[in-house]
1. How would A:Leu34, B:Leu120, B:Leu83 line up by accessible area, probe 1.4 Å, largest first?
2. Over the protein assembly as shown, give the accessible area per residue in Å² for a 1.4 Å probe, as an integer.
3. Run the paramagnetic zone check for B:Val167: 7 angstrom along Cα to Cβ, then residues of region B:137-160 with backbone nitrogen under 12 Å.
4. For the protein assembly as shown, compute the number of Lys pairs whose alpha carbons are separated by less than 21 Å, excluding pairs fewer than 8 positions apart on the same chain.
5. Could you work out [θ]222 nm for the protein assembly as shown from helices alone, using -39500 (n - 2.57) per DSSP H run of at least four and dividing by all its residues? Round to the nearest 500 deg cm²/dmol.
6. Suppose R0 equals 45 Å. What FRET efficiency, 1/(1 + (r/R0)^6) with r the Cβ-Cβ distance, do B:Asp75 and B:Lys157 give to the nearest 0.05?
7. Quote the FRET efficiency, to the nearest 0.05, computed for A:Asn92 versus A:Arg44 with a Förster distance R0 of 25 Å and r equal to the Cβ-Cβ distance.
8. Need one number: buried accessible surface between chains B and A, 1.4 Å probe, both sides summed, DNA, RNA and ligands left out, in Å² to 100.
Amino acid sequence: MSARRRSAQEWLDLLAQGGARWKEPPEDLVSRALGARSEKRMPRAKRRRTVHWDAADVRSPGGPSVADDAKIVAGSCPGGEVSVLVHPPLQNATWSFEARIWFAEPDGTARAIIGLVHDDHVLQRHEVADGEMLRFEEIVPDGWSLEIHLPDGDTVVLDDPFHAE
Amino acid sequence: MARAPSRPSPRDLDDPALVARCLEDDERAWKTLVTRYRALVYSTALRTGIDDETAGDVFQQVWIELHRSLDRVRDAQALPQWLIVTTRRVAYKIATKNDRPVEGALDEMVDPSALPGDELQELQDLQRIRDHIEALGGTCARLLPLLFFDEREPDYKKISETAGVAVGSIGPLRARCLKRLRARLEEQRP
């Protein structure tokens, strides 16, 4: 199909030929989609801190085994400490992430929000407790960011370390 | 005492205003958004070559991702493009996860910047026609989708029942509605 803009007459011809027939989703699917508003939104960052990655260098005996192609970041800010490990895709553009956050002031109910963001898409959103390990995978284009919203309002932003600008 | 002006119905809002209402947790606005773009999302999913069952999963996931991302959508005017990009990526993801690779799957299904311009243009234009028809309102907004969009291609008897018009009126009404649609399309041409 051409990207050329059609004239009004061409559109009417297309309609008449049945070229605009789209399949409507079944009603039960639409009802479920209406329920998607229970999905929590990813908040915008209030105070952003950008942290830089290092090549994985975790070699202590008995420590975590880190593949050569992984990258790791471990750093602290007033709201807590973050440790994130990311493995680039072996196939199908599937990245894998491991993250653990220690809050500066854990109170038992506080949660950090971790979001995988690409452009204006929030691909995943998780809530984690102090010290809880989070692992997830996602098919995402290069250039993503991991946003970690700490309970104190700080947001740590980790940009795709393999495709830094 | 002057009465406060009533807020317009979500159906009368453009996408940026509709998204703003959704951010206020307006249930009717969300319903309008889903209704407006349900066919675009579902058809885009099916166009990737996945089966109906997988398309249902994709459909659900796209709306979840939209709601999760609402605060981030920078250009709500370009919402159709946002939905197309998301649908294609989610279709690729779910098909891959289900070990049902999409035939001819390409990087462009994952990377929005690689989305073919002609296909994007076509889908957005088709959505624009739907928006124009919806904006006609009344009988035209009920009749034209049945005549031109419904994949089941209903006969005149079914159209008559659904649109609430006599079978004998369908032909003249069709002509009148198309005339109004043409006027709108010509007005909007760049």
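1. Numbers: A:Leu34 50, B:Leu120 25, B:Leu83 0 Å².
Solvent-accessible surface, decreasing: A:Leu34, B:Leu120, B:Leu83.
2. Accessible area per residue: 51 Å².
3. Residues B:155-160 qualify, since their backbone N sits under 12 Å from the label point.
4. Numbers: A:Lys23/B:Lys31; A:Lys23/B:Lys157; A:Lys23/B:Lys158; A:Lys40/B:Lys31.
Summing the qualifying lysine pairs gives 4.
5. Details: 10 runs with 142 residues, N = 355.
Calculated from helices alone, the mean residue ellipticity at 222 nm is -13000 deg cm²/dmol.
6. Values: r = 44 Å, r/R0 = 0.97.
The calculated FRET efficiency here is 0.55.
7. 0.25
8. Numbers: alone 12160 and 11610 Å², together 18030 Å².
Chains B and A together bury approximately 5700 Å².
The values are calculated or read from the model by the stated rules, or taken from the named source; none is laboratory data. These numbers were taken from a predicted model, which means no experiment stands behind them. Note that each Cβ is placed from the backbone with ideal geometry, even for glycine, and that neighbours are counted across all protein chains shown. Note: areas computed on protein heavy atoms with side chains; ligands, DNA, RNA excluded. Shrake-Rupley method; radii C 1.70, N 1.55, O 1.52, S 1.80 Å.
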